[in-house]
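The values are calculated or read from the model by the stated rules, or taken from the named source; none is laboratory data. It should be emphasised that the depicted structure is a prediction, and the values quoted were computed from it without experimental measurement. Methodologically, a virtual Cβ is constructed for each residue, glycine included, from the backbone with ideal geometry; neighbour enumeration extends over all protein chains shown. The accessibility values were calculated without ligands, DNA or RNA, using every heavy atom of the protein model including side chains. Shrake-Rupley method; radii C 1.70, N 1.55, O 1.52, S 1.80 Å.
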Amino acid sequence: MSSRSMPFALVVVYLVVIVAVDLVTPAHLRLDLFAALAPMTAAVLCTYRQTVFVGILDFCLMATHHGVLVSDVAVNRVGSFVGNALMVGASIAVARLRRDGEELLERVRATGEAAQRALLRPLPLRTRSVVVDGFYVSSQREALVGGDLYEVVDTPYGTRVLIGDVRGKGLGTLGAGAAVLTAFREAAYHRPDLVSGMEAVEQGLYRYHRSAAYQVRTPSHPAAAVSEDVALRVSEEFVTALVFGTEEDAPGQDGSRVPVVFVDCGHVAPFLIGPDGEVRELEAADPGLPLGLGNLSPVPRTGRRIALPAACRVLACTDGVTEARDPDGGFYPLAERLGAWAGLPTRELLERLRADLDAHTGGRLQDDAAVLVMERAPCPDAPELSG
């Protein structure tokens, strides 16, 4: 039974019972007046068609009661008909307005979901060499995306996997996130070297900063009075990021291991999960500054090269996971949990992790949380990326 069927049935039963009781009780009690509650309740709880049905049923019952049946009590029949008709009409009008509002909300939600999915595609994503699965939880209610971002790109130079976290949270960070994702997708195809690719991504973020700062300084902007404050906030927006790149045609590769290079831009360190339950952090050789702050350091970014065995997986996440707190203020023990679940298949591990994260925080995440697990593809000859 649908969520609207039960209220509809109860309203109809209530209406019929009120009229039946009114017929067997003394006429001076006038219990039929309470029948007007039926269409009013239906307008709030039932669908538009159900409300119309209840309204028509109510009017017909009242018309029969006051116009056909003989009553010992003098009743203003015209007043009863008009009053009942007005009540039914108002209830139907309210139901119509509520239906139109729900349809508009559904269209807006569908449009917003499509726009958000254009930024972050549903997981898992697969390339010729790896499969990337995971989950994303936005801290903002009803939002599918927020301050965290990820992407998987299959390029002529190998797979490129990005996970990042924009300073801040919620929908207000989408501009910087979209700039980073757009630049990353472009650089992945035109920059064979992972480090130079991340430099191109950072330049894309700088361009976004300049454009956004110029827009808020425009005199015609409605918020011109606070434009300097907004410009300062935009210029301070940075993105921590971690990017992985496979080297499928590396010299000496025997097929049992996939060479992987990763560049750390001030992000949470990833974990290497072995089949024997071993879990260890993959510290970058030289962790760099977040994207948007790279010009503060004279040292160029560097990458670290590792070999990913066939049975090993790499888990990367945002600080919304590692800094999630329980009611007592304790941080989420991610490494401990991964050690206990290392032998689980990826999908089951992710389900356990998400459920445990909800239990740890009581379902009240204070920041967006994203988790990616990268593992060898079971069929290396997969021709293209798929979701």
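Being over 15 Å from residue 244 (Cβ atoms) and modelled with pLDDT under 85: is that true of residue 298 here? Yes, satisfied. Of the set (1) more than 20 Å from residue 362 (Cβ to Cβ); (2) within 28 Å of the chain's Cα centre (by Cα); (3) open to solvent by 70 Å² or more (accessible area, probe 1.4 Å); (4) at pLDDT below 90, all apply to residue 345 but (4). Cβ-Cβ contacts under 9 Å between residues 6 or more apart (or on different chains), taken from a first residue in the stretch 290-318 that is closer than 24 Å to residue 136 by Cβ to a second residue that is of a type in the set (Lys, Arg) and not in a strand (DSSP E or B), are listed as 290/167; 292/167.
Looking across the stretch 245-263 at every residue that is open to solvent by 10 Å² or more (accessible area, probe 1.4 Å) and either modelled with pLDDT of 80 or more or under 31 Å from the mean Cα position of the chain (by Cα) (or both), the one that is nearest to residue 184 (Cα to Cα) is identified as 261. Consider the stretch 264-285 and keep the residues that are outside any strand (DSSP E or B) and touching a Gly at 6+ places or on another chain (Cβ under 9 Å). The one that is modelled with the lowest pLDDT is 285. Among the residues of the stretch 49-64, those that are buried (at least 18 other Cβ atoms within 10 Å of the Cβ) and not hydrophobic (A, V, I, L, M, F, W, C) comprise 50, 51, 55, 58.
Is it true that some residue in the stretch 127-140 is modelled with pLDDT of 75 or more, in contact with a strand residue (DSSP E or B) (Cβ under 8 Å, 6 or more places away or on another chain) and open to solvent by 70 Å² or more (accessible area, probe 1.4 Å)? Yes, that holds for at least one residue.
If the condition is being of a type in the set (Val, Ile, Thr) and either open to solvent by 20 Å² or more (accessible area, probe 1.4 Å) or touching a Gly at 6+ places or on another chain (Cβ under 7 Å) (or both), then the stretch 193-213 contributes only 195.
Would you confirm, using the coordinates I've provided, whether residue 384 is modelled with pLDDT of 90 or more, closer than 26 Å to residue 159 by Cα and open to solvent by 50 Å² or more (accessible area, probe 1.4 Å)? For residue 384, the condition - modelled with pLDDT of 90 or more, closer than 26 Å to residue 159 by Cα and open to solvent by 50 Å² or more (accessible area, probe 1.4 Å) - is not met.
Taking the stretch 33-50 as the range and being within 16 Å of residue 13 (Cβ to Cβ) and touching a Lys or Arg at 6+ places or on another chain (Cβ under 9 Å) as the test, the residues that pass are 45, 46, 50. Pairs linking a residue in the stretch 90-108 that is closer than 16 Å to residue 56 by Cβ to a residue that is of a type in the set (A, V, I, L, M, F, W, C) and not in a helix (DSSP H, G or I), with Cβ atoms under 8 Å and 6 or more positions apart or on different chains, are 95/46. Among the residues of the stretch 319-332, just one is modelled with pLDDT of 90 or more and exposed (fewer than 14 other Cβ atoms within 10 Å of the Cβ), namely 331. Scanning the stretch 1-28 for residues that are modelled with pLDDT under 65 and aliphatic (A, V, I, L, M), we see that the one that is surrounded by the most Cβ atoms within 10 Å (Cβ to Cβ) is 27. Apart from one condition, residue 293 fits all of (1) open to solvent by less than 20 Å² (accessible area, probe 1.4 Å); (2) touching a Phe, Trp or Tyr at 6+ places or on another chain (Cβ under 6 Å); the exception is (1).
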